Amino acid sequence: MDRFDWLEFEGGPRENRPSRKPLREQPHNAATFYAAGRALRESGHFEAAAAYFDKAVGLDDHHYAARLGYIDSLVRARKIDEADAASAKALDAYRQVRPFYAARVVVLAHRGRAAEAWPLSDVSITDSGRSPYAWCARAELLLKQDPDSREDALSILGQAIDAAEHRWEPYFLGGWMLLDAKLPVLAAGYFAEAAHHAPHAPASWLFLGDCFRELRLYDQALFYYRRVVELEPTHEIALERQKHCGPFLYGLMRAFHREDLERRWKEEFEKLFPKQELTPDDF
């Protein structure tokens, strides 16, 4: 496995590879710990993924993809203090590795320190060529600074997707940042695309379920959580969220027919784009 396969420093889209399946053997070196971290990340277990990426870095200090995975997974796990320390350390030690500038941008965006982040984003965009992660970081910074700038953020995400060799990552990150910005309708479209490109990655279905749960469309959310459990029967997050949706299914949601659900879905989208006539089928 190429240690830089996720960084994607340059190069246009190629045929997408299937999602990595969880390893059957115990990790024993930097490469296998990194692969295990990737599998856990694709399952939505970000804190566990960060621990495996950290193990990979401990065995190979120059495994830049693992270090980047460690920082970004800490952010997705809401471990911002740890991510802050790790990103500052990485940038200080490896100024020549431009994706670490993008990782620092993401952390600063979540810290609310946009003024510090923008110059670093400019460096990452200028010197990383067509790095999808650098564009994703810029879009996330923009959304964190101003959630109403979604159209500009979507345009930037489009550049990340066009630059990506493996499109699951930018689609997934796009969905994550849009859901974090309280834009579940838009996020659902990105998670659906992520699921299309890597249907065996439970995280895509998990957060797609979260989008519908945010919209209080609990039957649809439950459908996606069940998909996660089909892929990973012991997925504790999905199992817990299924329990949350259950009471609503047998109460409020029984009153809704399919047409009512589609109407609610369309109304939520039209709040964002009133002039567009789209239905759930467009996603």
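Readers should treat all values here as calculations from the given coordinates under stated rules, not as data from a laboratory. Since this is a predicted model, take the numbers as computed values, not measurements. Virtual Cβ from ideal backbone geometry, glycine too; neighbours counted across all protein chains shown.
The peptide list 171-178, 113-120, put in order of mean Cβ contacts within 10 Å with the highest first, becomes 171-178, 113-120. Our coupling estimate for segment 140-148, obtained by passing each phi through the Karplus curve with A = 6.51, B = -1.76, C = 1.60 and θ = phi - 60°, is 5, 4, 5, 5, 5, 6, 7, x, 6 Hz, Gly and Pro reported as x. For the peptides 150-157, 239-246, the ranking by mean Cβ contacts within 10 Å, running from highest to lowest, is 150-157, 239-246. Amide H contacts of HIS200 (H built 1.01 Å from N, in plane; Pro and chain starts excluded): SER19 sit under 5 Å, all sequence-distant by 5 or more or on other chains.
Shape of segment 26-110 from the C-alpha gyration tensor: oblate (a/c of 1.5 or more and a/b not above b/c, with a ≥ b ≥ c the square roots of its eigenvalues). If you sort the three axes of the alpha carbon gyration tensor as a ≥ b ≥ c, you get a/c of 1.5 or more for segment 199-242 and a/b above b/c, which makes it prolate.
Taking the alpha carbon gyration tensor of segment 91-249, multiplying each eigenvalue by 5 and rooting it gives semi-axes of 31, 16, 14 Å, largest first.
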